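> Here's a structure for you.
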Amino acid sequence: MTDFQNVINTIYNNLKSATDKGIVADYIPELAKQKKESFGIYLKHINGNNYHVGDWDKPFSIQSISKVLALSKAIAFEDKKIWERVDVEPSGDPFNHLSLLEHENGIPRNPLINAGAIVVADILVSRLNNPKQDFLNYVRDISGDQTINYNLKVAKSEKLTGYNNYAAANLLKAYNNLNNDVEVVLDFYFHQCALEMNCSQIANAFYMFSNRGKCINNVAHITLSQVKRINAIMLTCGFYDEAGEFAFEVGLPGKSGVGGGIVALLPDDFVIVTWSPGLNPKGNSLIGMQALEQFTTKTNRSIF
Ligand SMILES: NC(=O)CC[C@H](N)C(=O)O
């Protein structure tokens, strides 16, 4: 039996005093306030056991990690129809690049780059009665935690500086791949990204992707086939132009966010979440990637 607590303690101690901790994102001014020294790890095993170390209980901005949760809700509504509006190929580009979108006539490469996530947001704006509140309720339900909330300061901060996302949404609109108003869709998207959660809440939310679509309260939200597709997209597209590196080093489906969080999972086995706000040049948590590489190497657990 692997002593998971011992493994994550060792990784934590190995990396806590690393000299290079990356750079905290500041293109969303509110995120620049994060402390680079924060570091937490949380592991949720499918058998019900949980293990944690460091700042696992401090809430942070989940940013792009939210794209997977939004995608799961959109897939529950649309199933295969969603793939008429967004593709499933890795882009090999940074999360906010626009050039491929124009080349490919307004069909984003995948739902985890910003343009694709904005199409997913458009679907949810069309499908939900009170989009922001209903999506928040969905995240609370799948996490079994009614205390989760949006950080309104972060949402507002991104709204004031999110020129690139305005460009993406306008381009999508020009290609007839956005049904609602640019302002309305981006307001939803900025709130979705501004969800504030700690490592354990994220592990609980992502539990359903390791548990065949059933959340921690044993309610089925998506089918096994839909879980397969979402995990495949996380593996191939979850880290933008570093997806190959993440598969090579860590070997798990996962998703990062510019708030410094990373979630990764092994179906039928576990979900692991790391948080360290300093990012590498590709926009993924520098220490989080190293922690997960050490975890799958030490425990011999990966999809490969
Ligand atoms: N990679 C990320 O976490 C980016 C999310 C951020 N809200 C953006 O759209 O720029």
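Just so it is clear, none of the values below were taken in a lab; they were calculated from the coordinates. Since this is a predicted model, take the numbers as computed values, not measurements. Methodologically, a virtual Cβ is constructed for each residue, glycine included, from the backbone with ideal geometry; neighbour enumeration extends over all protein chains shown.
> Taking only Cα atoms, what is the 0 to 90° angle, nearest 10, from helix 199-210's long axis to the longest principal axis of the chain?
70 degrees
> Separate question: Can you give the helix-only mean residue ellipticity at 222 nm for the chain, where every DSSP H stretch with n ≥ 4 adds -39500 (n - 2.57) and the sum goes over all residues, rounded to the nearest 500 deg cm²/dmol?
Taking each H run of at least 4 residues, the total per residue is -14000 deg cm²/dmol.
> Counting other beta carbons within 10 Å of each residue's own, what order do Val219, Val263, Val185, Val24 fall into, fewest first?
Val219, Val24, Val185, Val263
> 7 Å from Cα along Cα→Cβ at both Asn129 and Thr297: what's the point-to-point distance in nm?
5.2 nm
> Let me ask something else. Rounding to the nearest 20 debye, state how big the charge dipole of the chain is about its Cα centre with +1 on each Lys and Arg Cβ and -1 on each Asp and Glu Cβ. Intermediate values should be presented prior to the final figure.
Values: 28 positive and 31 negative charges, 104 e Å.
The calculation lands at about 500 debye.
> Round to the nearest 10 and give me the degree value, 0 to 90, for the angle of helix 182-193's Cα axis relative to the longest principal axis of the chain.
Taking the Cα atoms of the chain, the angle to 182-193 is about 10 degrees.
> For a footprinting-style exposure proxy, rank Tyr51, Tyr166 by other Cβ within 10 Å, fewest first.
Details: Tyr51 19, Tyr166 14.
The fewest-first ordering by Cβ neighbours comes to Tyr166, Tyr51.
> Once amide H atoms are built 1.01 Å from N in the peptide plane, which residues 5 or more positions from Val53, or in another chain, come under 5 Å H to H?
Ile41
> A follow-up question, please. Given Ile216, Thr299, His191, which one lies farthest toward the positive end of the charge dipole of the chain, if we put +1 on the Cβ of every Lys and Arg and -1 on the Cβ of every Asp and Glu?
Value: Ile216.
> Mind sorting Ile62, Ile113 by how few other Cβ atoms lie within 10 Å of their own Cβ, fewest first?
Neighbour counts put them in this order, fewest first: Ile113, Ile62.
> A further question follows. Taking Cα atoms, how many degrees apart are the long axis of helix 152-161 and the longest axis of the chain, rounded to 10 and kept between 0 and 90?
60 degrees
> Which is farthest toward the positive dipole end of the chain among Phe246, Ser99, Thr147, measuring Cα position about the Cα centre, with Cβ charges +1 (Lys, Arg) and -1 (Asp, Glu)?
Farthest towards the positive pole: Thr147.
> Using a 7 Å offset from the Cα along the Cα-to-Cβ direction at both Glu183 and Ser99, what is the distance between the two label points in nm, to one decimal?
Once both label points are built, they end up 3.3 nm from each other.
> Residues of the range 151-194 with amide nitrogen under 20 Å from the 7 Å Cα-to-Cβ point of Glu84?
Answer for the range 151-194: 172-181.
> Another one. Report the extension gain between Gln146 and Tyr163 in nm, rounded to one decimal, defined as 0.36 nm multiplied by the number of residues separating them, less their alpha carbon distance.
Values: separation 17, 0.36 × 17 = 6.12 nm, distance 3.24 nm.
My answer for the length gained is 2.9 nm.
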